[in-house]
Amino acid sequence: QVRLVESGGALVQPGASLRLTCECSGFTFKRAAMRWYRQVPGKEREWVAVINNDGNIINYSDAVKDRFIISRDDSKSMAYLQMNSLKVEDTAVYYCNALMPLYDPGRPQYWGQGVQVTVSS
């Protein structure tokens, strides 16, 4: 059974830092590109960051570039999102996503249940 479990969400003040963790099981983690998305009620889910399966290709949305850092630990089947200099507009539910290789039939992707991050003074 595939599971992605996010943790680390909290209520913090602007300027604070948080680290989100995505613990994965039920699939071959080292084969998956890992992505973080976020969603605010009433809006579409927004892509935040991606790290490829080798960990050598990383990209961020313009909204978080230079503030967030995505990483992975294949030995633990875990992905991380270090969020620095948090802003009120970073408030959202954050989701972890695992995207399997293009050549896998149907190219499966898996989602976590989401974790709330609230940035407020």
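The values are calculated or read from the model by the stated rules, or taken from the named source; none is laboratory data. All values derive from a computational prediction rather than experimental measurement. When we count neighbours, we look across all protein chains shown, and the Cβ atoms used for this are built from the backbone with ideal geometry, even at glycine. Note: accessible area is taken over every heavy atom of the protein model, side chains too, but ligands, DNA and RNA are not part of it. Shrake-Rupley method; radii C 1.70, N 1.55, O 1.52, S 1.80 Å.
Tabulated data for the structure shown
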item: Accessible area (Å², 1.4 Å probe, nearest 10) - Lys76; result: 120 Å²
item: Accessible surface of the chain [probe 1.4 Å, protein heavy atoms]: carbon and sulfur percent; result: 48 percent
item: Furthest towards positive pole of dipole, Ile58, Tyr80, Val5, structure part the chain, Cβ charges; result: Val5
item: Whole-angstrom gap from region 72-121 to region 28-62, using each part's C-alpha centre; result: 6 Å
item: Rg to Rh quotient for the chain, alpha carbon positions, Kirkwood Rh; result: 0.96
item: Solution diffusion estimate, µm²/s, Stokes-Einstein, region 25-69, Kirkwood Rh from C-alpha pairs, 25 °C, viscosity 0.890 mPa s; result: 208 µm²/s
item: Label-point separation in nm, Leu11 to Gln82, each point 7 Å along Cα→Cβ; result: 2.7 nm
item: Where Ile58, Ile70 fall by accessible area, highest first, once all protein chains stay in place (1.4 Å); result: Ile58, Ile70
item: Two-decimal ratio, region 1-60, of alpha-carbon radius of gyration to 2.2 N^0.38 Å; result: 1.30
item: Trp47, Trp36, reordered so the largest accessible area comes first (probe 1.4 Å); result: Trp47, Trp36
item: Among 5-11, 89-95, the order from most to least packed when residues are scored by Cβ within 10 Å on average; result: 89-95, 5-11
item: Summed side-chain charge close to Trp111 - residues other than Trp111 whose Cβ falls under 12 Å, Lys, Arg +1, Asp, Glu -1; result: +2
item: Nonlocal Lys pairs with alpha-carbon distance under 23 Å, the chain (8 or more apart, or different chains); result: 4
item: Accessible area (Å², 1.4 Å probe, nearest 10) - Tyr80; result: 20 Å²
item: With eigenvalues of the C-alpha gyration tensor scaled by 5 and rooted, region 77-116, Å; result: 27, 11, 9
